[in-house]
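The values are calculated or read from the model by the stated rules, or taken from the named source; none is laboratory data. Computed from a prediction, not measured in an experiment: that's the story for all the values here. Using ideal geometry, Cβ is built from the backbone for each residue, glycine included, and neighbour counts are taken over all protein chains shown. In case anyone asks, the SASA skips ligands and DNA or RNA and just uses the protein heavy atoms, side chains included. Shrake-Rupley method; radii C 1.70, N 1.55, O 1.52, S 1.80 Å.
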Amino acid sequence: MVRISWFVLIAGCVATALTAAGCSSSASGSGSGSGSITLHVQGMPPATDRAGTAQFQQMVADFEKANPGIKVQGSTNVYDPMTFSAKLAARTVEDVIKVPLTEPQRLIAQGQVRSITGQLQAWDHYKEFNPQILAPLSDAGGQVYGVPQNPYAQGLMYNRALFTAAGLDPDKPPTTWDQVRTDAAAIAKKTGKAGFVAESKDNQGGWQLTMMTYAFGGDIEDKTGGKYVSAFDDAPTKDALNLLKSMRWSDNSMGASQLNNQTDVVKAFAAGQIGMFLGSPGTYRLAKMTYGMTDTASFGAAAMPQAGGGATLTGSDVYMVPKSVDAKHADAAAKWLIFAYALPAYDTTAAAEQAKTLAADPKAAVGVPTLPVFDAARQAQIADAVKPYVNVDLSHFTPYSSSLAALKLRPEPEFEAQKVYAVLDTVMQAVLTDKGADVDSLLAAAHKSVDATLSADQK
Amino acid sequence: MSLLTQNRPPTASRRRPLAGLAARRRGLETRRQIAGWLFLLPALVIFGLFAWWPIVRGFTLAFQRTNLVDPAQWVGFDNFRAVLDDPLAATAVKNTAIYVGLALAIGFPAPLILASVMSTVRRGAGLYRFLVYLPVVIPPTVAILLWKWFYDPGSGLFNSLLGKVGLGPYPWLDSPHTALASLVLESTWAGMGGAVLIYLAAMAGIPGELYEAAEMDGSGVWRRIWHVMLPQLRPVIGLLLLVQLISTIQVFTEPYLFTGGGPQNATMTVLLLIFRYAFQNGEYGQAAALTTLMVLTLAVLSAVYLRATRSWSRT
C-alpha cells in the first residue's frame, strides 16, 4: 500500500514537471554568448514568391557578410494588429516589423516603436532622404522611427479593356472628378460592370474620403491653438460626397455591392469587374501576384483626378523597430533597414541586382513606379539601372507618373487618423447605401463625433 | 473486527500499537492527499495560466493605461468613463440586444422544430442528420465567404432566386435595416446542427409509453408535442437557451467578416467594439473596461436566468 502511494506520488511529480516544462518558454532568445546577435526581421516574401524569396535570401547573405556578428532570421509575418499587441507584451515580436503607412503615427503616439534617428543620421546619405517621405514616419520633435519601401502616391487605377469596351480612350484616363463621373457612367452603361468603386469599411472608407477631400482642396484635420480639430465639415468634403452620391444613385455607376475594403476591390478589379478605383500602382502587384489577374495588359494607372485641390495622399510600406527591442538589437535593426530598404533606393548597383533577381520569375512585377525615396535625379538613375529588367508595360503607367510632379503630396491626418477614418467610414457607408442620405447632416454629426474623440485624446 | 472489540476501552499496553496504526494511517492519508494535489497541479497550473490569470489581468487592465511596453499607469475609472461616454458603445449594446433577440426568435426555435420533424423520419435519418450537421464542420470564415456571395446584391444567389419569382433585388448586408437580420440567418444556419443533434438525443430518451398514453387519451400531434415532448425536454431547452444567450451576446465573427460593423454601424456589436478599441485604436484599457462590463452583465443575466428557471427545469 505504501509502495503504491510512493509510486503515485512520483507519478504526480512527473506530471507536474512535464506541465511546467510544457508551459515554459521555448524561445531561444535572439542573442548568443559569443558576441554575435540574431536579428528577427519581418518582410521576407512568402515561399510562393520564389524570386522575392531568392532576392531576400541574397540580401541576407550580403548583409551578414558586410556585418559579421549579425545573423538575420527572416519572417514572412507582417504587422497584424490582432497579434502585434500580444507579441509586444510578451516581448516575442520581431526586431523589425513591416507596417502599412496608416499605422506609424499611432504606433509612435503610443510609444510602441523606437526612434532610430541616431542610427539613420550616422548613414552618409541620411540628409538626402526625401523629407516628404520621412514626414509620416516622424514625430513632432523630428525623431524618425522607420524606413519606407516603395513609397507611392494614391492615384486612379483603371481597366483599359473596359475603357475600350465603353468607347473611351484608355490612354486618356480622367484627370478631373467630373470626367471620372462621365467615364464611370459610360462604363456602367456599355459594359454592365461597375464604373467606379469606392472602399467603405475597415476604416478604408475614411481613408478614401481623405484622398478625395485632398483632391477637392479640403483637409481632414487642422491644428488650432496647438490642438487638433476636425476640418472636413466644409465644401470640399461635401462636394466629394455629393459626387459619390450622384454616381451611386443617379448614374448607378458604382456597382451593386457597397461594403468593400481594398481586398474586395482589388480582387474584383483583377477579375475585370471594376472600371476604376482609387489606389496605388502597387495594387498591380496585388492584382497579379495575389489575385491572379491574367489580363495585366488591361491594368492602367493615372494620377489622382482633381477638383481644385492639386494634391494627393501618399503611402508606403514602412519598416520599424518595436520599443521592446533592446539597444543592441535596435542598432543592428537600423543597419538592416538601411542596407535592405534605403540602399536599393539610392545605389544603382544594388537596385539593378534586386531587379535582376526578381525578374527571373515571370509572375513578379518589376518596374512598378514609386515615389522617390531620395530626390528626383536619384530616382531617375535608379529607373535607368532597373530598365533592362522591367516586366510591366510602363506606358500604361505614364498617365500616373507624368502627372505626379504637378501634385502636392500630402500625408495621412497627423493625429488619431484611424479613429477619424472609423467615423468617416460611416459617412461613406451612408452615402453609398442610403439613397436619402443627407450629406450636410452626416458631416455635421461626424465633425461633432471626431472633435469629441480628438479632444478627449488631447487632454 | 467485531463491534465488541471496537467498543472495548483500550488498555495501556494496547494504546501504543493503536496509536502507531493511527499515525501510519494519517501518514498514508497525507501522502495520498499530496499525490492527489500533485495530479491536480498540472490542471491547476494550466487553468491558472491560460484562464484565471488572463481574467485577473484583464480586470486590472480595465483600471490602467498601457502601451504594453512601458509600466502601466493606474487611471482609476477613466476607462469606464470613456467607454460610457462613447456613443458607439450605446449603439453596440443596442445592436447586440437586437441580434440576441433575433437569434432567439429565429435561431432558437428553428433547431427544435427541425429536430421534431426529423425525429419522425424513419428512412434516411442518418443522411438528414449528416446534412443538418454539415454546416457546423465548415470553417466559419469559409461559410461566411460563401454567404457573402449568397447576399451579393448584384449577382448573389438569393437575389437571383428571388428575381425568378419577381421579388427584389434586396440589399441584404448593404442596408442598415436588413444587415443584422442577414447575419442572424447565416449564424442560425451555421450553428443549428449541434442543437438539432442534442434535441434528437433528448427526444430519443423520452419513454414511448408517454406518447402512447397521450394517444390513447385522444391527444393529437400538437397536444402530444405540447404536453409530452416539450415538458420532457425542458432541462435541455433551458440549458441550450442559456448557452445561446451567452454565445450570441458574444457575437463577433459574423459582423467582423461580413460587414466590419457597417453599414453606418448597424452591425457594430459589443465584441466588435472591444476589438476596435484594442486593435485599431490601441486603447487596451478601454477594451478591458468594456469587456469587464460585458462579463458582469453576462454573469448577472446567467444568475437571474438560472434562478428564474430553476424550478422550471426540475419539473
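Residues of the range B:246-256 include at least one that is within 14 Å of chain A (Cβ to nearest Cβ), surrounded by 14 or more Cβ atoms within 10 Å (Cβ to Cβ) and polar (S, T, N, Q).
Per-residue answers, yes or no, for (1) in contact with an Asp or Glu (Cβ under 6 Å, 6 or more places away or on another chain); (2) of a type outside the set (A, V, I, L, M, F, W, C); (3) surrounded by fewer than 20 Cβ atoms within 10 Å (Cβ to Cβ):
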site: A:355; (1), (2), (3): no, no, no
site: A:361; (1), (2), (3): no, yes, yes
site: A:369; (1), (2), (3): no, yes, no
site: A:372; (1), (2), (3): no, yes, yes
site: A:376; (1), (2), (3): no, no, yes
site: A:381; (1), (2), (3): no, yes, yes
site: A:384; (1), (2), (3): no, yes, yes
site: A:391; (1), (2), (3): no, yes, yes
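The helices (runs of 4 or more DSSP H) located wholly in the range A:148-250 that include 2 or more residues which are under 24 Å from residue A:314 (Cβ atoms) occupy A:177-191, A:204-215, A:235-245.
Do we find that residue A:427 is within 12 Å of another protein chain (Cβ to nearest Cβ) and β-branched (Val, Ile, Thr) in this structure?
Numbers: within 12 Å of another protein chain (Cβ to nearest Cβ): yes; β-branched (Val, Ile, Thr): yes.
Against the criterion (within 12 Å of another protein chain (Cβ to nearest Cβ) and β-branched (Val, Ile, Thr)), residue A:427 qualifies.
For the criterion of being within 20 Å of the chain's Cα centre (by Cα) and open to solvent by less than 60 Å² (accessible area, probe 1.4 Å), residue B:185 fails. Looking for something of a type outside the set (Lys, Arg), within 22 Å of residue B:101 (Cβ to Cβ) and more than 14 Å from chain A (Cβ to nearest Cβ) - is there at least one such residue anywhere in the range B:145-157? Scanning the range B:145-157 turns up no residue that is of a type outside the set (Lys, Arg), within 22 Å of residue B:101 (Cβ to Cβ) and more than 14 Å from chain A (Cβ to nearest Cβ). Scanning the range B:84-134 for residues that are in a helix (DSSP H, G or I), free of Cβ contacts under 8 Å to residues at least 24 places away in the same chain and under 22 Å from residue B:200 (Cβ atoms) turns up B:109, B:113, B:117, B:125, B:126, B:127, B:128, B:130, B:131. Residues that are surrounded by fewer than 24 Cβ atoms within 10 Å (Cβ to Cβ) and assigned to a loop (DSSP other than H, G, I, E, B) within the range B:269-281 comprise just one, B:281. Search the range B:161-179 for residues being within 12 Å of another protein chain (Cβ to nearest Cβ) and of a type in the set (Gly, Ala, Ser), and hand back the single one that is surrounded by the most Cβ atoms within 10 Å (Cβ to Cβ). Out of the qualifying residues, it is B:179. So, residue B:195, is that one within 18 Å of the chain's Cα centre (by Cα), closer than 18 Å to residue B:114 by Cα and among the aliphatic types (A, V, I, L, M) or not? Answer is yes for this residue.
Among residues of the range B:27-55 that are facing another protein chain (nearest Cβ under 8 Å) and over 30 Å from residue B:285 (Cβ atoms), those with a Cβ under 9 angstrom from a residue that is at pLDDT 90 or above and open to solvent by 50 Å² or more (accessible area, probe 1.4 Å), sequence gap 6+ or separate chain, pair up as B:37/B:44. Counting only helices (runs of 4 or more DSSP H) wholly contained in the range B:164-251, the ones carrying 1 or more residues that are under 24 Å from residue B:140 (Cα atoms) and assigned by TED's automatic domain parsing to the domain that holds residue B:143 occupy B:179-204, B:230-249.
Need the failing condition index for residue B:141 against (1) exposed (fewer than 13 other Cβ atoms within 10 Å of the Cβ); (2) away from chain A (no Cβ under 14 Å), just the number. For residue B:141, the exception is condition (2). Just one of (1) part of a loop (DSSP other than H, G, I, E, B); (2) closer than 26 Å to residue B:81 by Cβ; (3) without any contact (Cβ under 8 Å) to a residue 24 or more places away in the chain fails for residue A:415. It is (3). Exactly one residue out of B:10, B:42, B:54 is on the phi < 0 side of the Ramachandran plot, modelled with pLDDT under 90 and open to solvent by less than 90 Å² (accessible area, probe 1.4 Å), and it is B:10. Within the range B:120-134, none of the residues are under 24 Å from residue B:259 (Cα atoms) and open to solvent by 20 Å² or more (accessible area, probe 1.4 Å).
Within the range A:269-278, the presence of at least one residue that is surrounded by fewer than 19 Cβ atoms within 10 Å (Cβ to Cβ) and assigned to a loop (DSSP other than H, G, I, E, B) is confirmed.
Which count do you get for residues in the range B:120-143 that are among the aliphatic types (A, V, I, L, M) and over 13 Å from residue B:191 (Cβ atoms)?
Going through the range B:120-143, the residues among the aliphatic types (A, V, I, L, M) turn out to be B:121, B:125, B:127, B:131-132, B:134, B:136-138, B:142-143.
Keeping just the survivors that are over 13 Å from residue B:191 (Cβ atoms) gives B:121, B:125, B:127, B:131, B:142.
Summing the residues that are among the aliphatic types (A, V, I, L, M) and over 13 Å from residue B:191 (Cβ atoms) in the range B:120-143 gives 5.
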